[in-house]
Every structure is written in structure tokens, then in C-alpha cells.
Amino acid sequence: MKITKKSVVVMHYAVSDSEGTLIDSSYDHKPMTIIQGTGYLIPGLEDELIDHQAGDKFEVAVACDQAYGERHDEYVQTVPKELLQGVEELAVGTQLRASTDDGEQTVIVIDVTDDEVTVDGNHPLAGIDLSFDVEILDVREATEEELAHGHIHAEGESCGGSHEHDEAEDDCCGDNTCDTKH
Ligand SMILES: [Zn+2]
């Protein structure tokens, strides 16, 4: 069956930057299961899955504006270290939650001096054109309940609207798709 707007898709993916450097891959662990059309994938990739079916292997090139967006130089800010008192570890690569005009945001420390800290609020993949190697393993229709919840349920089962998080099971919400509140 072909992937439509409401399909549950089980897929492997490997993603590289434009220089061919591997960024992430599902191939060496378990495949990813998504509901098509929920925006779980970046737009440039999700749209390209339509009409593919189990067994298909293909490449998708996604420009940064259809992936994690352009880089914004103004998201890089240098602040006095004293503003970050209470932060235990302050080193290049440390991730912090910052309150900004746009709400809570994750920023990454990119420079530390004696009295100043420079943080970058860009997504680590912002400004990077991506290339995906995709393999479709399985396609089925999403159930009404799955569509309502916005996440996958194990075959034939319902999460009952309550979430028993069992990391070991590849079950409802075992798939880090359970941001949706019931
Ligand atoms: Zn559910």
C-alpha cells in the first residue's frame, strides 16, 4: 500500500550534510515509526514520503529552509558570566535553557571567557542542507484513535488515554512520539 496523508510508516533513515558527513542514522538501531502528516518529520522529508511503499529505498535532498531553517546570526549572543550564576557547568557545548522574547529556548555555549559567555540559539542543524537515505519497511493506515492522539499505538492496542511509560516496549508512546497530552 502506498503512503498517504494518514499512513503509519515504519522506516529507516540515514541523514548526512551536503559534504556527505553522517549526522544520524536509524540503521544501527530500531527503525522509526511515524504518522504521516503529523509534522513529526521535517517538512521537506515528510512530503517526499507520499506515494512510496514498503521496500522502497530512495534519497531525499532537503534544503535547510525545508529542514531546520536558516542560521540567524542574531541568535548568537554574548552575555556577562554573572547572568549565568547557578549554572553548574559552563563549557563549550553545554546546553542551557534560556528565556527569550520568543519563549523558552535551548541555547548552546560556544565560547567562554573570564567574564563573558557566548551562546548560540540556532538549531545545531540550522543552515545545513541535508540528504536523507530512506528505506520504507512497512506502511499501514493509522487508526482514528492514533490520528486523534497524534502518536502510534502497538498493533490492535489502545493506550487507553493513559500513559504507562515502559521504555523497554515498542508500545504506545515508547517511541518518543508522546508529546501529545491526552
Ligand atoms: Zn495514545
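Just so it is clear, none of the values below were taken in a lab; they were calculated from the coordinates. On a predicted model such as this, the values are computed, not experimentally measured, just so you know. Glycine gets a Cβ as well: all are built from the backbone with ideal geometry, and neighbour counts include every protein chain shown.
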Out of VAL92, VAL134, VAL15, a Gaussian network model of the chain with alpha-carbon springs under 10 Å gives the largest mean-square fluctuation to VAL92
Distance in nm between LYS5 and ASP65 label points, each 7 Å along Cα→Cβ, equals 2.5 nm
Yeah, the stretch 7-66 with a ≥ b ≥ c from its alpha-carbon gyration tensor (a/c under 1.5 is rounded, else prolate when a/b outruns b/c, oblate otherwise) is oblate
If one builds a Gaussian network model of the chain from Cα atoms under 10 Å apart, the most fluctuating residue listed among GLU104, GLU70, GLU146 is GLU104
For the chain, the percent of all C-alpha pairs falling in each 10 Å bin, from 0 up to the bin holding the max distance, is 9, 28, 29, 23, 10, 2, 0
Length gained, ASP101-TYR27, 0.36 nm per residue minus C-alpha separation, equals 22.8 nm
Per-residue ellipticity at 222 nm attributable to helices in the chain (runs of n ≥ 4 DSSP H, -39500 (n - 2.57) apiece, nearest 500 deg cm²/dmol) works out to -1500 deg cm²/dmol
Any residue on another chain or 5+ positions along whose placed amide H is under 5 Å from the amide H of GLU116 is listed here as LYS81
Among ASP101, ASP73, ASP28, the residue with the largest mean-square fluctuation in a Gaussian network model of the chain built from Cα contacts under 10 Å is ASP101
On the formula 1/(1 + (r/R0)^6), with r taken between the Cβ atoms of ASP111 and ALA54 and R0 of 41 Å, the FRET efficiency rounded to 0.05 is 0.30
In debye to the nearest 20, the charge dipole size for the chain, taken about the Cα centre with +1 at each Lys and Arg Cβ and -1 at each Asp and Glu Cβ, equals 440 debye
